[in-house]
Amino acid sequence: MNNTWENKLELFAKNVQIMKSEFVWQNVSIKRMAALLYALEGKTVDLETIRQCHNLIKQNTGAFSTFRGSMALGLATMLSLSGNPENSLSATLKVYKLLKDVKFRASYLLVVAAYRIAIQADASDYENAVMRTRAFFDGMKAKNFFYTGQDDYIFAAMLGISGLDLAEGTERIKQIYNQLKREFRNRNSVQILAQVLALGEADDSIVNRVLALRDELRTQKIKLDKAYTLPFLGIFALLPVEIETIVYKIGEAQDTLRSKKGFRTLSVSTGELLLFAASIVASDYTENIKDGVLTATLSTCIANIIIAQEAAMVAAASSSSSV
């Protein structure tokens with residue numbers, strides 16, 4: 001299949017229908033996340049491989065392990081796409097222990113952080129990557145205590161395995177955060193946005209581009225600046241594409257998805273729909289960037305944002321249902 005954004009939309013809708021009647025014990029949002037991760041790779045969901053990976057997780061972790069629970073299907077999906085699930089899980093478990101050893105708290109987001117380090121760093125560099133992850137997290141905590149927490153674990157890991165200098169990187173994140181914090185309500189998401197922009201190593205003009213993109217989206221009544229989708233402003237701001245083109249394609253993708261079976265208003269919220277549309281459009285552009293390092297960075301950022309935001313939605317839904 002030609003991996004244009006239009007084809008990815010079709011594939012995503014198809015994948016959602018495939019996942020619908022499977023994994024009946026899993027949250028529907030997590031099943032849509034799995035469908036999306038496959039679509040971004042230009043692939044039809046492989047149910048059998050996901051099942052095998054889910055069983056692999058059970059065989060290698062205890063009943064109360066953080067690797068299980070409501071987000072286990074997400075990890076199983078990532079493993080199924082890794083090319084070597086057994087080695088990927090083994091490495092992830094090793095890195096997870098290293099992260100726990102340096103006093104990170106157990107959480108599903110830490111599992112994803114461990115997975116990112118496991119598949120993107122050389123095994124000989126795991127300890128250094130973990131120490132850098134801890135140092136970046138502590139550096140961000142020191143500069144922005146109240147808004148640095150477990151939701152920063154994944155991007156702390158990405159910073160840890162990047163080539164960014166620790167002092168310069170944390171200072172850059174704080175600088176961008178300070179420039180943007182008055183423009184958006186959700187300060188946690190602003191920090192993630194700043195992390196994305198720092199990883200993209202953009203110059204000082206990037207803040208103006210973020211705001212211009214936000215304003216143009218607002219004129220089309222597209223609210224990408226909300227908590228779950230705000231980090232995508234960073235992805236799009238880093239892309240060498242005209243703002244008007246980005247806005248048009250996001251709107252088209254959103255409308256197309258809404259017309260598909262399983263994506264009507266009662267099934268998928270506007271915020272989650274926009275998350276899907278933005279992911280697919282951003283993925284399409286990212287694959288065509290000539291800068292290989294930026295392509296890899298942004299592709300990973302897109303997947304991380306999807307996983308982190310879906311996890312947050314599931315956690316919020318679980319919390320509200322238990323009240």
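The values are calculated or read from the model by the stated rules, or taken from the named source; none is laboratory data. Here the structure is a predicted model, which means the values were calculated and not measured. Cβ sites come from the backbone with ideal geometry, for glycine too, and all protein chains shown count toward neighbours. Protein only, heavy atoms only, side chains kept; ligands, DNA and RNA dropped before computing areas. Shrake-Rupley method; radii C 1.70, N 1.55, O 1.52, S 1.80 Å.
Values for this structure:
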| quantity | calculated |
| --- | --- |
| Pick from region 81-100, criterion in contact (Cβ under 8 Å) with a residue 24 or more places away in the chain and out of contact with any Leu (no Cβ under 9 Å at 6 or more places or on another chain), ranking: farthest from A157 (Cα to Cα) | S90 |
| Unique residue being within 20 Å of V45 (Cβ to Cβ), modelled with pLDDT of 95 or more and of a type outside the set (A, V, I, L, M, F, W, C) when the list is S90, S124, S80 | S80 |
| Residue list for region 30-49, filter: part of a helix (DSSP H, G or I) and among the basic types (K, R) | K31, R32 |
| Close pairs from region 193-213: first under 14 Å from Q175 (Cβ atoms), partner open to solvent by 10 Å² or more (accessible area, probe 1.4 Å) and charged (D, E, K, R), Cβ under 6 Å, at least 6 apart | A198/R172 |
| Subset of region 193-232 [touching an Asp or Glu at 6+ places or on another chain (Cβ under 7 Å) and surrounded by 18 or more Cβ atoms within 10 Å (Cβ to Cβ)] | R214 |
| Given (1) closer than 21 Å to I30 by Cα; (2) among the aliphatic types (A, V, I, L, M); (3) assigned to a loop (DSSP other than H, G, I, E, B), number of the condition L164 does not satisfy | (1) |
| So I161, is it out of contact with any Pro (no Cβ under 8 Å at 6 or more places or on another chain), open to solvent by 10 Å² or more (accessible area, probe 1.4 Å) and on the phi < 0 side of the Ramachandran plot | yes |
| Subset of region 167-184 that is in contact (Cβ under 8 Å) with a residue 12 or more places away in the chain and part of a loop (DSSP other than H, G, I, E, B) - its residue that is surrounded by the fewest Cβ atoms within 10 Å (Cβ to Cβ) | E183 |
| Complete set of residues in region 69-89 that are more than 16 Å from A34 (Cβ to Cβ) and surrounded by fewer than 19 Cβ atoms within 10 Å (Cβ to Cβ) | G83, N84, E86, N87 |
| Residue count for region 17-29, restricted to those that are open to solvent by 20 Å² or more (accessible area, probe 1.4 Å), hydrophobic (A, V, I, L, M, F, W, C) and assigned to a helix (DSSP H, G or I) | 2 |
| Region 106-124: number of residues that are in a loop (DSSP other than H, G, I, E, B) and closer than 18 Å to I192 by Cβ | 1 |
| Test result for K58, in a helix (DSSP H, G or I), of a type in the set (K, R) and crowded, with 23+ Cβ neighbours inside 10 Å | no |
| Failed condition for F64, given (1) assigned to a helix (DSSP H, G or I); (2) open to solvent by 40 Å² or more (accessible area, probe 1.4 Å) | (1) |
| Test: F64 is among the aromatic types (F, W, Y), without any contact (Cβ under 8 Å) to a residue 24 or more places away in the chain and farther than 26 Å from P231 by Cβ | yes |
| Region 268-299, residues that are in a loop (DSSP other than H, G, I, E, B), open to solvent by 10 Å² or more (accessible area, probe 1.4 Å) and in contact (Cβ under 8 Å) with a residue 24 or more places away in the chain | E287, I289 |
